[in-house]
Structure formats: structure tokens, C-alpha cells
Amino acid sequence: NVHNKDLEVVGVLSNDVQDTINFIDDKWTRDLATSSSVYEFTALNKKLSYQTEYANPFFLLKIGNYVSFEYEDETHVFKIMSTERTGEECYCYCENLNLELRNELVGKFDSSETALTIEDYIKKMGLLEYTNMVLGINEIPNISKKLSFTNDETKLARLLNVLNEFEAEHKFTTRLNGQGKIETFSLDIFKKRDSS
């Protein structure tokens, strides 16, 4: 799906459905440690039966718009960060929605006097602020620790450090409603599984 800046579905790309824009060379690169990912593809323009600039998804592949797809019963949403148009092709470079976590900084934080839960740390440091993200599953709600962070770092780096201190794993989960808008974008926290 192609979404506008309000995440409303405005078009479909498909290699299997007639009267849609086709795409090639799609590549999904995931970093399991940070749960961040990049999606790249090249869309191929063609005349559609409903051809107008505002209805043809090819012309809606713009910086700031979004693309989404389903994989293993999960929705993955990406923001279009850059495009390159050459003739009848449009290459798109997209990043997933935890961008704010990678772009915003958080300062030092001291909780050496009081033990806090992982949810307390996330809230007190504002790690999910301005991300449209909520805390979803939390398998370690009752564990408390005294932690201190002495340097400035990105929200994502701080979140990963907090998760590491609590020996937890995480996953970002996106769910869209029937109109293609984000219903929930959540951070799910799990107990670290034994590697054996």
C-alpha cells in the first residue's frame, strides 16, 4: 500500500493485480538488534485506467509519504525518505517508523537512589514521547533496578541500554485499521530467551 502523510491508503503497488503499478528490485534490510529496518524498491510507471496525477500511485511515491506491506501476519510501515526518478522508474528508499527514536537525543539520568521498573524508565526519560508509540506487551512489569546514565545518546540507544540492563528483548509492532491508518504502534518487551 501507498499512504499519504496522514497514513491514509492512496494507492496500491502490485505485480499480481491488473491495473496497478508494478515494482522491481525490492530489498528489505532488517537490524534485529535495534528492530530498525530499511525497505528499498523501484516502481515502474504505466498508464492506468483511472490515470490522473492524484490517483496514480506512481506519482504519490514522494518523500514524507509511506508504504506498508504484510509479512507473516504483521504490518510493516515505512516512511519514504528519498526518491530518485529516472524516466518511467522511481527508486524509493524508506525507513521504518522508529525514526524518532534514532533522531532524538536524551540526556543523563540518575536513579541510583530509587529502583524503577522498565516502564518507569521509559516514561521518566520520555523515550516514547513524540513517537506515536505505546508500550504494548511487557513480560517484566515487576522487576525494578537502580540505573544511571551519564551521557547524552539517542532515544534508541538509551532504550537498547535499558533493555539490556533488564536482560530483555523487544519488538516494534504496527497494526493498521481497515482504512490503512495506524491503529497501534507499540514497543513490546519480552524476557530474554535462553540461547540454548
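Can you tell me which residues in the stretch 141-176 are open to solvent by 50 Å² or more (accessible area, probe 1.4 Å) and more than 21 Å from E104 (Cβ to Cβ)?
P141, N142, I143, S144, K145, K146, E167, E169, R175
Considering only strands (runs of 3 or more DSSP E) fully contained in the stretch 122-196, which possess at least 2 residues that are under 26 Å from L7 (Cα atoms) and in contact with a His (Cβ under 8 Å, 6 or more places away or on another chain)?
Output list reads 182-191.
Quick check on my filter: what residues within the stretch 135-157 are touching a residue at least 40 places away in the same chain (Cβ under 8 Å), under 20 Å from S37 (Cβ atoms) and not polar (S, T, N, Q)?
G136, I137, K155, L156, listed by residue number.
Which of the residues spanning the stretch 30-51 are under 19 Å from Y71 (Cα atoms) and among the charged types (D, E, K, R)?
Residues satisfying the conditions are R30, D31, E40.
Kindly state which strands (runs of 3 or more DSSP E) lie completely within the stretch 1-119 and contain at least 3 residues that are open to solvent by 40 Å² or more (accessible area, probe 1.4 Å) and not β-branched (V, I, T).
Answer list for the stretch 1-119: 22-31, 66-71, 74-86, 89-96.
The values are calculated or read from the model by the stated rules, or taken from the named source; none is laboratory data. These numbers come from a predicted model, not from an experiment. Quick reminder, even Gly has a Cβ in these numbers, built from the backbone with ideal geometry, and neighbours come from all protein chains shown. Just so you know, the surface numbers come from the protein's heavy atoms only, side chains and all, with ligands and any DNA or RNA stripped out. Shrake-Rupley method; radii C 1.70, N 1.55, O 1.52, S 1.80 Å.
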